[in-house]
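To keep things clear, I will list the structure first and then write my remarks on it.
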Ligand code: BTN
């Protein structure tokens, strides 16, 4: 198995930032931390969590030295698939779903799906050449109280009754990321498409509040959707609401 340098910190601003800072020295690397004081999510949101309770991990690749993945959208997809594989190992019997574009949800005892993990893939470009990729993953493990802004929709393994050690989950997550990084791209994409299960579903685009039906998913992960007024393309910068 490929050996990837591993950096574990007690406290960092964001594991994505630390991975970027270290990448000039390495082909690829893993950075994890017990606490982030400036963790970020998609669309400029923050990603906050208590110290020593959750997983904050980044897998960084210096694309000029080692290119695992050609289709860069797969970073985010691999993040979600790796989280799903790891969670199914530790939360035996739990119902886990991927939510477009970058979240992982898990059902509680009332069969309500709550967010347990978010994925943030960031890429740097020189012209149209990707030079650096960082896949950042946060998973809620042992935190039981969440900020009121997210409390309604967030959960953790502990809240669902699973007692887990974060180090064991971290090891599993790293090996799942590496497995998907070294898998066939078309197969990984096909697996994600099946699991995201969006074609034919009705969605509401948050930015305009309009409902569409998803017709297809492009090889770049964009959704092609339509309604009686015409067609729309939705990409991973857009937020959508739909029933999981
Ligand atoms: C989201 O749901 O919007 C994505 C959240 C991504 C959070 C992870 S935690 C590790 C890595 N470092 C960050 O600052 N963000 C990602």
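The values are calculated or read from the model by the stated rules, or taken from the named source; none is laboratory data. Treat the numbers as computed from the prediction; the structure is a model and nothing was measured. Backbone-built Cβ (ideal geometry, glycine too); neighbour counts: all protein chains shown.
Odds and ends about this structure:
- Count of region 1-18 residues which are closer than 24 Å to residue 164 by Cβ and in contact with a strand residue (DSSP E or B) (Cβ under 7 Å, 6 or more places away or on another chain): 11
- The test for being more than 13 Å from residue 134 (Cβ to Cβ), within 11 Å of the ligand (Cβ to nearest atom) and surrounded by fewer than 17 Cβ atoms within 10 Å (Cβ to Cβ) holds for residue 13.
- Scanning region 81-107 for residues that are free of Cβ contacts under 8 Å to residues at least 60 places away in the same chain and within 13 Å of the ligand (Cβ to nearest atom), we see that the one that is farthest from the chain's Cα centre (by Cα) is 104.
One line per residue, one yes/no per condition, for (1) assigned to a loop (DSSP other than H, G, I, E, B); (2) buried (at least 17 other Cβ atoms within 10 Å of the Cβ):
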{"residue": "24", "(1), (2)": "no, no"}
{"residue": "30", "(1), (2)": "no, yes"}
{"residue": "33", "(1), (2)": "no, yes"}
{"residue": "50", "(1), (2)": "yes, no"}
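- Checking each residue of region 120-128 against the condition of being buried (at least 18 other Cβ atoms within 10 Å of the Cβ), modelled with pLDDT of 95 or more, away from the ligand (no atom under 14 Å from the Cβ) and closer than 24 Å to residue 238 by Cβ gives no match.
- The test for being modelled with pLDDT under 95, within 13 Å of the ligand (Cβ to nearest atom) and not in a strand (DSSP E or B) does not hold for residue 20.
- Answer from 27, 34 - the residue that is under 23 Å from residue 125 (Cβ atoms) and either at pLDDT below 95 or more than 8 Å from the ligand (Cβ to nearest atom) (or both): 27
- Condition check for residue 132: over 28 Å from residue 145 (Cβ atoms), touching a strand residue (DSSP E or B) at 6+ places or on another chain (Cβ under 9 Å) and either more than 10 Å from the ligand (Cβ to nearest atom) or in a strand (DSSP E or B) (or both): yes
- Qualifying position, being surrounded by fewer than 23 Cβ atoms within 10 Å (Cβ to Cβ), farther than 21 Å from residue 180 by Cβ and more than 10 Å from the ligand (Cβ to nearest atom), among 43, 110, 72: 110
- Filter result (assigned to a loop (DSSP other than H, G, I, E, B) and surrounded by 20 or more Cβ atoms within 10 Å (Cβ to Cβ)) within region 76-101: 100, 101
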